[in-house]
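Structure first, then comments.
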Amino acid sequence: MLFHRLGLGFSPSTSNPDRRHCYVRAAALDQLLETPGVLALLADELGVTPPFATLSLVEQLDAIRRRAIHLAVTNSPFRGLSLEEIVVVTAYASARFSHTAWRRELSRQTSRHELYGACEAWLGERAAAISSGSRLGRPRWPLVGGASPDLDRHDFVVAVAPMSDPQTLGADLERLAGEANFAHEHYLACSPATALAFLSAQARANSPPRWDSLALDRQLRTLGLGLLLIEHDSALLYLPARYSR
């Protein structure tokens, strides 16, 4: 079943398959909601007033929607988030969803081989030659593409920094920005799991916790960096980089 057909406010994955919520594909959100038992878990986590089990499917979704809207406009950890974002971060942060295939797939960290391979393929479509930033004294940018391996100053240069460790992402962003002054465009590349882990760390840094779905995007824009989302062996340009030079 596709829940958006019920007209309850959930993002339509078929009409806009590229839409993402906290870096999660709309189709994956459908998958989560269709997992047996998930609606009851969401209702419990969000504090939906019982009885919930006696409601029809449409009524259950409507109850979750109304509760999420209430949390989005009141002083809660989800204030300012969309309905879909609230569902995603709730299922991501609660251990009660750890048994679901959705949670396991979302939490899967892309391997270094996959990460670099996807970045090289993406960069190879935009540059004739790929070199390393170490040659330019910029070791934090391992992949640099240009018209030639020499990276002539007249080349259009694109730099990519693959990153898989969400624990150091916050500190590494500042260091990356400190070396982001040699290419025309600079991109951080990471998996949705890494990006969402960054949002989770930012939420927990507040007391009480407060989710901000744009925390990473906002910091990247401030630094002039773009974002490539890496899923398995493919790269998605999620946030364009600032053009410089």
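The values are calculated or read from the model by the stated rules, or taken from the named source; none is laboratory data. Given the structure is predicted, the values throughout are model-derived calculations rather than measurements. Here Cβ is always computed from backbone atoms with ideal geometry, including for glycine, and neighbour counts include all displayed protein chains.
Odds and ends about this structure:
- Among the residues of this structure, SER148 does not count as one that is hydroxyl-bearing (Ser, Thr, Tyr), modelled with pLDDT under 95 and assigned to a helix (DSSP H, G or I).
- Test for HIS113: is it out of contact with any Pro (no Cβ under 9 Å at 6 or more places or on another chain) and either part of a helix (DSSP H, G or I) or β-branched (Val, Ile, Thr) (or both): yes
- Against the list (1) at pLDDT below 95; (2) closer than 20 Å to LEU32 by Cα, the condition VAL89 fails is (1).
- For region 213-237, a residue qualifies if it is closer than 24 Å to GLU105 by Cβ, at pLDDT 95 or above and not aliphatic (A, V, I, L, M), and the qualifying residues are SER213, ASP217.
- Which numbered condition ARG138 misses (of (1) more than 23 Å from the chain's Cα centre (by Cα); (2) surrounded by fewer than 21 Cβ atoms within 10 Å (Cβ to Cβ); (3) in the same structural domain as LEU196 (by TED's automatic domain parsing)): (2)
- Residues of region 184-237 that turn out to be under 10 Å from the mean Cα position of the chain (by Cα), closer than 26 Å to ALA147 by Cβ and surrounded by fewer than 21 Cβ atoms within 10 Å (Cβ to Cβ), as a count: 1
- Single match in LEU41, LEU33, LEU55 (criterion: at pLDDT below 90 and touching a helix residue (DSSP H, G or I) at 6+ places or on another chain (Cβ under 8 Å)): LEU33
- Taking residues in region 177-190 that are of a type in the set (Asp, Glu), and partners anywhere that are assigned to a strand (DSSP E or B) and surrounded by fewer than 24 Cβ atoms within 10 Å (Cβ to Cβ), the pairs with Cβ atoms closer than 8 Å and at least 6 places apart or on different chains are GLU185/VAL158; GLU185/GLY226.
- Selected residue [part of a helix (DSSP H, G or I) and within 14 Å of ASP44 (Cα to Cα)] from ALA72, ALA91: ALA91
- Scanning region 136-145 for residues that are part of a loop (DSSP other than H, G, I, E, B) and on the phi < 0 side of the Ramachandran plot yields a count of 5.
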